1. How much solvent-accessible surface does Leu10 expose, in Å² to the nearest 10, with a 1.4 Å probe and all protein chains in place?
2. At 0.36 nm per residue, minus the direct Cα-Cα distance, what do Arg25 and Val41 gain on full extension? Give it in nm, one decimal, please.
3. From largest accessible area down, sort Ile2, Ile17; use a 1.4 Å probe on the protein chains.
4. Give the peptides 112-120, 79-87 in descending order of average Cβ contacts within 10 Å, highest first.
5. Ser104: accessible area at probe 1.4 Å, nearest 10 Å²?
6. Apply the a/c threshold of 1.5 to the C-alpha gyration tensor of the range 1-123 and tell me whether it is rounded, prolate or oblate.
7. Compute the FRET efficiency between Leu90 and Thr140 as 1/(1 + (r/R0)^6), taking r as their Cβ-Cβ distance and R0 = 41 Å, and round to the nearest 0.05.
8. If I ignore ligands, DNA and RNA and count only protein heavy atoms, how much of Met30 is accessible to a 1.4 Å probe, in Å² to the nearest 10?
Amino acid sequence: MILTIVPASLREASTFIAEHHRHHRPPQGMKFALGVAADGVLVGVAVVGRPVTRHLDDRSTLEVTRSCTDGTRNANSKLYGAAWRAARALGYHRLVTYTEEGESGASLRAAGFQPVGVVAPHSGWDRPNRSRQAQARAVTRTRWEQTTASYRSPHAERSTALDCSPSGTNITAQKPAHGLLDQPVRVATACLRAHGGQRTKRGPS
């Protein structure tokens, strides 16, 4: 049996997920989707989108929001590996996803992902200022990720960097060169002298 990565539309991926996923419905949107076929028959899909958790949405990160197979051996790891290669090709530097308590994560390890934290169970994303439908299942989850060597989280550099460019590139604040701060004073003094003026001393305030 030969596994091959194939294109998949959101509609195709959603239909497959609705038929085969154990506990999740199809996602509402995506950045891209892909499938894996065995001898020409679709046996799995993955949907990749923006991170669901807002503090991970740093313009350099994507999330595998759904990965679903019909149980074909090695199909999941094939999808995760292809999703990471596609995310890198699009210019992203981190890909994250989650497993639920009791899931081994063997497919993720095979694709090069590493566990980076445990997320406590919660009932959903409903907040007083942002209404959302409550989740029926609240379980402990493990977050997995894979990053490029050049990835640096902007949240770790808030005091020294600005993340205001269109592409999300960190712009590090630079100190002024020596003597630059008193340059306006020297210029103003020179202008006064050129016009015969004098600087007025300020009295005590």
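1. 50
2. 3.6 nm
3. Ile2, Ile17
4. Descending packing order for the listed peptides: 79-87, 112-120.
5. 90
6. Rounded.
7. 0.85
8. Here the accessible area works out near 80 Å².
The values are calculated or read from the model by the stated rules, or taken from the named source; none is laboratory data. Computed from a prediction, not measured in an experiment: that's the story for all the values here. Here Cβ is always computed from backbone atoms with ideal geometry, including for glycine, and neighbour counts include all displayed protein chains. Surface areas here come from the heavy atoms of the whole protein model, side chains and all, with no ligands, DNA or RNA. Shrake-Rupley method; radii C 1.70, N 1.55, O 1.52, S 1.80 Å.
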